[in-house]
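In what follows, a structure is listed as structure tokens, so that the remarks can point back to it.
The values are calculated or read from the model by the stated rules, or taken from the named source; none is laboratory data. Keep in mind the model is a prediction, meaning the values are calculated, not measured. Cβ: placed from backbone, ideal geometry, glycine included. Neighbour counts: every protein chain shown. Calculation scope for accessible area: heavy atoms of the full protein, side chains included, ligands and nucleic acids excluded. Shrake-Rupley method; radii C 1.70, N 1.55, O 1.52, S 1.80 Å.
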Amino acid sequence: MCGTTTTHNDADVNNNLGGDEFVSEEEKEIIKEQIVKEVDEGMTEVSEEVEELYTEGEDGSDVEDLINEEEVLEELEEELEEDKEFLKEDHEDIVEKIAEAEADDDGVLADEKEKYIEELEEELQEDSQMEEGVEALEGELDVVEELEEEVEEAEELDDEDDSNDEEQGDTSDEDAGLNVGEDGGILDYFTPLTPKERDEMKEKLRDTLLQTKNALRMSASVENREAITDTQRTLVLSTTSPKQFMHMHHMKTGGTSVDGLISCALRRQKDLHDGTSINYGRMSECGSGVHMCMETLADNLGATLYNNVFYRNDENGEPIDDAPFDPADETDISIDDMNVCRSSESNVMSYCASLHAVRTFGWKNVDKITVIRNPIDRAWSMYRFTLQSCYDCQQLKDVLKQIHDGTFVSRRGRKDDGGDNNEVVPNFVYEPNNSCAVQLIGHQSTNLLSSVDLYNNANDVRFPMEADIVHEAIKNLRESFTWIGLTDRIQESVEGFRQIFPFLAENLNDAAKAMQEEFQSRGEEFEDNTFALPAGYSDEKSCPFEHRNAGHDPTCGTTELDDETKEWIMKLNSRDMAVYKAAVERFELQMEVLQEYKDGTL
């Protein structure tokens, strides 16, 4: 068993509870038991993820099965390293605040003081939970490092090239059910904006930029800054307002790098708020995280979740077939009160999930950003990233053909079933959690869907609703996101994000100075030229944009893309090409608006 084991030090827990002046021994013991219980429960998810990653290596299977999960762990490790920086500072700050609260007797009512101390203790136990998860996963990563030599040997065995044994089938049969027109060409679903629609979108983008500039003006006024409702458009976020900002992360689009920038910016916000952290939540389809949160929500609602649809239960707890519902549409249901997976209390979120999930958990109207990538580049990066753990060193075009035929089974799936692809009964509809398959089937479009009916048809490789999926995905890309970026223009994209959301600036002091000069050039003077930065603040935690989680050069399988492989990618991703074209179209309009403001014509 490679899962984690949580241990608790009673002395540490007692120390965190403070002295006896306001908390009785009986109350202290109750709080201590609750902290221990919640930490154990909080570790369950981490433990299950680790156990899932390592269970194959436990039962005597080949050692490379364990090592192949290193690619997934690399991304976890980077996120955990970021969290460790919070933990180093947070623990002492919270304990110190508890001590100060208990020592302060000047006019503070006992019950108010106890409530404040309890809030600090809750924050402390959350940090302890994170720290346990960090330590546990680091221990598992050590196992990976020790076995690196063995995986190199295993990779040599997988380097055999079987391309000479490929059989050329009838291409007319291969094209059946694919996004191929009567002339044999790939269908193009993209419809550009009309001149009127371009003007309307450009005007909306202008309003978006001017909204940020107005928020900055208000932040420069001591009298007005308390009235700001969109602090995510300033240098200083609010610690009390939930649901301020979110990033939709599509795998292998640069999303991990964007998440890294957000994490850095939020660590910096802690300094601005005297040690109070901004709540940053993440929800990901990787590891079934989204599905688990939806199941939890269904349990809270006394409902059943099936294919991402909620069904009301009868008096016996069985789902009622003709009673589907969407919690986001129910006026008598308060999703915020349930705080499932901390989705309600988070100030900032990163969703590696669909807009349907975003909507379900109440983040529909929040300021959003996302980055879109050319689907050929993205599929190639995804293949390289999971070459062994998903595709077992097969040629990419063979993988794509199997996905199309409904016969694809990932490496782990074949191990579990004890069979091979030749024995698989065709199944053209892939489960959303089968990331090895669905990530290669127009997945950026799938994430941009808000309708559950379309979402549940998005992984059907017979493409029964492709035109409708493209229409909704592009509509949401154009209307539901505050600002977007492109992977192949990532530096310009990040600069655009920073213009609209200044808290993401590389250096807050430099950003404030640039804003002061910008407004002065327009004849505007302000009371506070630091735009609400604390007096004497120095940004020593600058946040440059760093490229993370890069793909690996293949050591087996397909090492270079040929025209046939590119064509197969397009057959399964023509809807993503339409979305990419819509993203390029919108991105160019964003750049025009930013230039207008720079030139002083806006």
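Of the numbered conditions (1) in contact with a Gly (Cβ under 9 Å, 6 or more places away or on another chain); (2) assigned to a helix (DSSP H, G or I), Trp568 fails exactly one; give the number of that condition.
Checking Trp568 against (1) in contact with a Gly (Cβ under 9 Å, 6 or more places away or on another chain); (2) assigned to a helix (DSSP H, G or I), the one that fails is (1).
Listed residues His291, His247; which is outside any helix (DSSP H, G or I) and under 20 Å from the mean Cα position of the chain (by Cα)?
Testing whether each residue is outside any helix (DSSP H, G or I) and under 20 Å from the mean Cα position of the chain (by Cα) leaves just His247.
Just the residues that are touching a strand residue (DSSP E or B) at 6+ places or on another chain (Cβ under 6 Å) and open to solvent by 10 Å² or more (accessible area, probe 1.4 Å), please, taken from segment 559-577.
Met570
Where the second residue is buried (at least 23 other Cβ atoms within 10 Å of the Cβ) and part of a helix (DSSP H, G or I) and the first is in contact (Cβ under 8 Å) with a residue 12 or more places away in the chain and hydroxyl-bearing (Ser, Thr, Tyr) and lies in segment 570-590, which pairs have Cβ atoms under 7 Å and are six or more apart or on separate chains?
Short answer, once both residue conditions are applied: Tyr580/Pro375.
With segment 339-430 as the region, which helices (runs of 4 or more DSSP H) entirely inside it contain at least 3 residues that are at pLDDT 95 or above?
Answer list for segment 339-430: 375-385, 396-405.
Taking only pairs six or more apart or across chains, which ones have beta-carbon atoms under 9 Å, a first residue in segment 316-333 that is touching a residue at least 60 places away in the same chain (Cβ under 8 Å) and assigned to a loop (DSSP other than H, G, I, E, B), and a second residue that is open to solvent by 50 Å² or more (accessible area, probe 1.4 Å) and among the charged types (D, E, K, R)?
Partner pairs satisfying both residue conditions: Asp326/Arg359.
Checking Asn434 against (1) surrounded by 20 or more Cβ atoms within 10 Å (Cβ to Cβ); (2) closer than 25 Å to Met570 by Cα, which single condition isn't satisfied?
If we test Asn434 against (1) surrounded by 20 or more Cβ atoms within 10 Å (Cβ to Cβ); (2) closer than 25 Å to Met570 by Cα, just (1) comes out false.
Here are the criteria: (1) surrounded by 15 or more Cβ atoms within 10 Å (Cβ to Cβ); (2) free of Cβ contacts under 8 Å to residues at least 12 places away in the same chain; (3) not basic (Lys, Arg). Tell me which single one Met248 does not satisfy.
Answer for Met248: the failing condition is (2).
Test Ala583 against the criterion of being open to solvent by less than 60 Å² (accessible area, probe 1.4 Å) and farther than 19 Å from Pro502 by Cβ, and give yes or no. Give the derivation first.
Values: open to solvent by less than 60 Å² (accessible area, probe 1.4 Å): yes; farther than 19 Å from Pro502 by Cβ: yes.
The answer is yes for Ala583.
Restricting segment 586-597 to residues that are among the charged types (D, E, K, R) and open to solvent by 60 Å² or more (accessible area, probe 1.4 Å), which is nearest to Gln394 (Cα to Cα)?
Glu588
Condition (residue is touching a Leu at 6+ places or on another chain (Cβ under 8 Å) and either at pLDDT below 90 or crowded, with 17+ Cβ neighbours inside 10 Å (or both)) applied to segment 314-326: is it met by at least one residue?
Among the residues of segment 314-326, not one is touching a Leu at 6+ places or on another chain (Cβ under 8 Å) and either at pLDDT below 90 or crowded, with 17+ Cβ neighbours inside 10 Å (or both), which makes the answer no.
If you go through segment 451-490 one residue at a time, how many are of a type in the set (Lys, Arg) and either at pLDDT below 95 or within 22 Å of Asn434 (Cβ to Cβ) (or both)?
1
What's the number of the only condition in (1) of a type outside the set (S, T, N, Q); (2) open to solvent by 70 Å² or more (accessible area, probe 1.4 Å); (3) assigned to a loop (DSSP other than H, G, I, E, B) that Pro534 fails to meet?
Here Pro534 clears every test but (2).
Could you grab me the full set of residues in segment 500-524 that are more than 17 Å from Leu272 (Cα to Cα) and among the aromatic types (Phe, Trp, Tyr)?
Correct list: Phe519 only.
Touching a residue at least 12 places away in the same chain (Cβ under 8 Å), within 24 Å of the chain's Cα centre (by Cα) and open to solvent by 60 Å² or more (accessible area, probe 1.4 Å), is that true of Glu546?
Considered against the rule, which asks whether it is touching a residue at least 12 places away in the same chain (Cβ under 8 Å), within 24 Å of the chain's Cα centre (by Cα) and open to solvent by 60 Å² or more (accessible area, probe 1.4 Å), Glu546 comes out as yes.
Let me confirm something: among Ser493, Ser521, which residue is open to solvent by 40 Å² or more (accessible area, probe 1.4 Å) and either under 23 Å from Val579 (Cβ atoms) or modelled with pLDDT under 95 (or both)? Give the steps one after another, and end with the answer.
On the way: Ser493 fails: open to solvent by 40 Å² or more (accessible area, probe 1.4 Å).
It is Ser521.
If Thr194 satisfies all but one of (1) more than 18 Å from Trp483 (Cβ to Cβ); (2) under 29 Å from the mean Cα position of the chain (by Cα); (3) hydroxyl-bearing (Ser, Thr, Tyr), what's the number of the condition it fails?
(2)
If only one of Thr253, Thr276, Thr304 is closer than 30 Å to His552 by Cβ, β-branched (Val, Ile, Thr) and either at pLDDT 95 or above or open to solvent by 20 Å² or more (accessible area, probe 1.4 Å) (or both), which one is it?
Numbers: Thr276 fails: closer than 30 Å to His552 by Cβ; Thr304 fails: closer than 30 Å to His552 by Cβ.
On inspection, the qualifying residue turns out to be Thr253.
Can you tell me which residues in segment 380-402 are closer than 17 Å to His249 by Cβ and in contact with a Leu (Cβ under 6 Å, 6 or more places away or on another chain)? So that I can check it myself, show each step before the final result.
Within segment 380-402, the first condition is being closer than 17 Å to His249 by Cβ, and the residues that meet it are 381-382, 385-386.
Answer for segment 380-402, where residues must be closer than 17 Å to His249 by Cβ and in contact with a Leu (Cβ under 6 Å, 6 or more places away or on another chain): there is none.
Mind checking whether some residue in segment 525-540 is closer than 30 Å to Tyr189 by Cβ, modelled with pLDDT under 95 and under 29 Å from the mean Cα position of the chain (by Cα)?
No, segment 525-540 contains no residue that is closer than 30 Å to Tyr189 by Cβ, modelled with pLDDT under 95 and under 29 Å from the mean Cα position of the chain (by Cα).
Return the residues of segment 220-270 that are closer than 28 Å to His443 by Cα and of a type in the set (Val, Ile, Thr); say none if nothing qualifies.
Those that are closer than 28 Å to His443 by Cα and of a type in the set (Val, Ile, Thr): Thr253, Thr256, Val258, Ile262.
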